[in-house]
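Working notes, beginning with the structure itself.
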Amino acid sequence: MANIIGGITTSHIPAIANAMANGLEETPYWKPFFDGYPPVRDWLNEKKPDVIILFYNDHGLEFFIDKKPTFAIGVADEYHNADEGWGIPTIPPVTGESDLSWHIANSLVEDGFDMTICQEMKVDHGLTVPLNLMWPGYNYGHVKVIPVCINCEQHPMPQPKRTYALGQAIGRAVASFDQDLKVAVFGTGGMSHQLDGERAGIINREFDIDCLDKLVSDPEALTKYSNLDLVEIAGAQGVELNMLIAMRGTLIGEVKELHRNYHAPISNTGSGLMLLEHTMPKK
Amino acid sequence: MTQTVDIPGTIMLDGPMATKGYPLNKMCYSFNNAAARNEFKQDEEAYYEKFKLTEEQRDAMRKRDVIAMLEAGGSIYYLAKFAGLLGLSVQDVGGLQTGMTTEEFKAFLVKQGEI
Amino acid sequence: MATNEKRDIPGTYLFDSKMAKKGYGLNKMCYSFNNQEARDEFNADPDAYCDKFNLTVAQKKAIKEKDIIAMLREGGSIYYLAKYAGLLKLNMQDIGALQTGMSVEEFKDMLVKNGRGEV
């Protein structure tokens with residue numbers, strides 16, 4: 001059976017790609033952020049997951065608000081990035097994993113999550129920045145990625161209790177897949193930030209750190225928040241916490257925190273990097 | 001978990017079929033556009049190549065074999081656009097698939113509607 | 001807590017159904033900026049490009065004046081506005097400064113303070 005070996009939370013902002021492209025990792029501004037990553041890279045290189053299930057939100061590359069899926073899943077063998085409007089250089093394609101993707105899609109719809117199923121899907125910085133952070137130099141082609149995209153832009157959007165349940169349903173779907181695959185799950189984005197409005201620039205360090213604590217030991221507590229609570233406490237884009245919550249939902253067995261690095265600010269956001277080791281529940 | 005019910009004479013568009021049929025369906029979806037329909041008519045083989053159809057799909061298209069298109073992953077909504085391009089009605093397509101003439105197929109439909 | 005009841009959050013423009021409808025043309029124009037040709041076309045004649053997407057008078061004024069807050073009031077969604085900002089070669093700290101009335105340096109200082117939890 002397929003086995004979820006761990007979950008990772010990470011930021012996905014475009015400024016990271018720019019910093020890496022310009023070799024700024026060791027500058028005083030970026031060092032405290034990038035210094036968090038080597039232990040996570042080492043873990044990935046040691047454990048060698050076959051598949052990454054990656055929760056992210058599209059920021060207007062594949063999807064526009066003419067049709068905005070609440071939840072979408074990619075089932076393709078390959079995904080491409082494209083110009084997002086500010087000239088991030090074109091990067092190598094991302095490898096997909098069609099069979100497990102379809103299995104998850106089937107399982108989710110049967111489970112009451114009516115996904116938008118995508119055989120072609122341009123993936124934006126929300127997906128590519130985390131991959132490049134884990135395998136710098138865009139060396140992520142060997143790992144198969146299943147994109148799961150959550151609407152974090154337009155209200156109504158799925159509530160934390162729903163995204164947590166989505167994660168749990170994906171966890172069950174992976175457990176019922178009959179091939180021996182090692183799967184790691186990335187929850188990307190956040191943490192607290194607000195880009196728009198006179199309130200732009202708020203960061204809530206205390207709340208972010210509390211969220212990381214709860215992601216480890218009491219994820220159910222996070223499902224008590226509504227999206228408007230998150231907007232109020234963690235900023236308009238604080239709702240990206242939903243991706244971290246979804247990731248934690250997939251970890252249906254035992255978790256152990258192996259590594260954490262919280263740093264703020266990077267660009268306008270609080271950045272929460274965390275590595276959780278996961279042991280699948282006994283059958 | 002996955003539906004694998006066998007209903008004779010019914011080919012379900014599920015995950016494996018949707019993956020297999022993607023180039024064929026994408027080509028037929030393009031027929032929404034008049035320019036695409038004309039491009040196809042001018043050079044069918046070049047148009048298959050443009051969408052990277054599998055050999056099985058090209059063969060089904062060449063033979064206008066609807067059942068073979070379905071077996072190659074075709075979704076009926078896109079195949080219907082191809083039928084439209086050929087000037088065929090849904091009853092013509094029904095006849096082609098069941099081995100009836102269009103008139104026989106229409107009569108078959110009428111009979112099922114009778115109380 | 002734990003309700004999704006509407007509430008007023010000062011300085012925050014919730015991108016909800018009402019705003020999504022109001023801002024549709026503006027957002028669609030900004031979404032088009034993913035494309036280099038579209039960016040060139042806008043730069044060549046901003047007014048004509050705004051008309052192409054049927055922007056309202058208020059939206060056109062906001063675009064012309066590079067007034068982010070006005071764009072938000074007219075239904076702009078930040079992810080598409082970010083593409084317009086990119087076209088203008090502004091980063092998220094520039095945008096933050098414009099919206100809060102701070103200088104870019106002041107805005108960056110505020111981020112650092114917020115990041116330390118000094119609020």
- Tell me what chain B gives for mean residue ellipticity at 222 nm when only DSSP H runs of n ≥ 4 count, each as -39,500 (n - 2.57), the sum divided by the residue total, rounded to 500 deg cm²/dmol. -19500 deg cm²/dmol
- Task: Count the DSSP beta bridges whose two residues both fall in the protein assembly as shown, then state the antiparallel fraction as a percent rounded to the nearest 5.
- Result: 45 percent
- Task: Per DSSP H run of n ≥ 4, the term is -39500 (n - 2.57); total these for chain C, divide by its residue number, and report the mean residue ellipticity at 222 nm rounded to 500 deg cm²/dmol.
- Result: -18000 deg cm²/dmol
- Note on the structure: The answer for chain A, counting only DSSP H helices whose Cα atoms cover 27 angstrom or more along the axis and whose Kyte-Doolittle average is -0.5 or greater, is none
- Item | Interface C:A - total buried accessible surface [probe 1.4 Å, Å², rounded to 100] | 3900 Å²
- Query: What does the average come to when, for each residue of peptide C:5-14, you count the partner chain Cβ atoms lying within 10 Å of its Cβ?
  - Reply: 6
- Query: What is chain A's relative contact order, in percent, from Cα pairs under 8 angstrom and six or more apart in sequence?
  - Reply: 31 percent
- Pair residue B:26, residue B:65: separation of 7 Å Cα→Cβ label points (nm): 2.4 nm
- With just the Cα atoms of the range A:1-101, tell me how far they stretch along each of the three principal axes, in Å, largest first. 41, 39, 23
- Size of the range C:17-88 as Cα extents on the principal axes (Å, biggest first): 31, 22, 18
- Beyond 20 Å, what share of the Cα-Cα pairs of the range A:158-283 is found? Please give it as a whole percent. 42 percent
- Out of every Cα-Cα pair in chain A, what percent are more than 33 Å apart? 12 percent
- Residues of the range C:29-54 that bury at least 20 Å² of accessible area, probe 1.4 Å, when all protein chains are present rather than the chain alone, are C:31, C:34, C:39
- For residue A:135 and residue A:210, calculate 0.36 nm times their separation in residues minus their Cα-Cα distance, and state this gained length in nm to one decimal. 24.2 nm
- Note on the structure: Projected convex hull area of the range B:15-87, Cα atoms, direction-averaged, in nm², equals 4.2 nm²
- Label model pair residue C:4, residue C:104: point-to-point distance (7 angstrom along the Cα→beta-carbon line) in nm is 3.8 nm
- Task: With a point put 7 Å past each Cα toward its Cβ, work out how far residue B:35 is from residue A:114 in nm, to one decimal.
- Result: 3.5 nm
- Item | Sites residue B:54 and residue C:112 - FRET efficiency at Förster radius 51 Å, r taken between beta-carbons, to 0.05 | 0.35
- Message: Give me the tail of P(r) for the range C:69-119 as a percent: Cα-Cα pairs with distance above 15 Å.
- Response: 52 percent
- Just subtract the alpha-carbon distance of residue C:66 and residue C:36 from 0.36 nm times their residue separation and send over the number in nm, one decimal. 8.8 nm
- Message: Using a Förster radius of 30 Å, what is the FRET efficiency between residue A:198 and residue A:68 based on their Cβ-Cβ separation? Nearest 0.05, please.
- Response: 0.70
- Query: Leaving out ligands, DNA and RNA, what percent of the accessible area of the protein assembly as shown is carbon and sulfur, probe 1.4 Å?
  - Reply: 52 percent
- In degrees, nearest ten, helix B:15-30 long axis to first principal axis of chain B (Cα): 70 degrees
- How high is the relative contact order of the range C:17-88, in percent, counting Cα pairs under 8 Å that sit 6 or more residues apart? 49 percent
- State in Å² the accessible area per residue of the range B:15-87; use a 1.4 Å probe, count heavy atoms of protein chains only, and round to the nearest integer. 51 Å²
- Sites residue B:12 and residue A:41 - FRET efficiency at Förster radius 41 Å, r taken between beta-carbons, to 0.05: 0.45
- Task: Hey, could you get me the Stokes-Einstein D for the protein assembly as shown, Kirkwood radius over alpha-carbon pairs, 20 °C and 1.002 mPa s, rounded to whole µm² s⁻¹?
- Result: 86 µm²/s
- Task: Would you mind working out the magnitude of the charge dipole of the protein assembly as shown relative to its Cα centre, with +1 at each Lys and Arg C-beta and -1 at each Asp and Glu C-beta, to the nearest 20 Debye?
- Result: 600 debye
- Query: Helix B:76-85: angle to the longest alpha-carbon principal axis of chain B, degrees 0 to 90, nearest 10?
  - Reply: 70 degrees
- Message: Going by Cα centres, the range B:53-115 and the range B:8-22 are how many Å apart?
- Response: 16 Å
- Shielding by partners, peptide A:268-274 (average Cβ within 10 angstrom, other chains): 3
- Query: In the structure displayed, which of A:214/A:256; A:122/B:52; A:67/A:144; A:48/A:144; A:67/C:21; C:89/C:113 lie more than 21 Å apart, Cα to Cα?
  - Reply: A:67/A:144; C:89/C:113
- How much area per residue is accessible in the range A:130-268 when the probe is 1.4 Å and only protein heavy atoms are counted (Å²)? 29 Å²
- Task: Anything in chain C that counts as a DSSP H helix reaching 15 Å or more along its axis (C-alpha) with Kyte-Doolittle mean of at least -1.0? List them, would you?
- Result: C:104-116
- Query: Amide H of residue A:96: which non-local residues (sequence gap of 5 or more, or other chain) have their own amide H closer than 5 Å, using H built in the peptide plane?
  - Reply: A:78, A:79, A:145
- Message: Looking at chain C as a GNM with Cα springs under 10 Å, which of C:11, C:25, C:75 has the largest mean-square fluctuation?
- Response: C:11
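The values are calculated or read from the model by the stated rules, or taken from the named source; none is laboratory data. On a predicted model such as this, the values are computed, not experimentally measured, just so you know. Heads up, the Cβs are rebuilt from the backbone with ideal geometry, glycines too, and the neighbour counts pull from every protein chain shown. Each accessible area value is taken on the protein alone, full model and side chains, heavy atoms only, with ligands, DNA and RNA left out. Shrake-Rupley method; radii C 1.70, N 1.55, O 1.52, S 1.80 Å.
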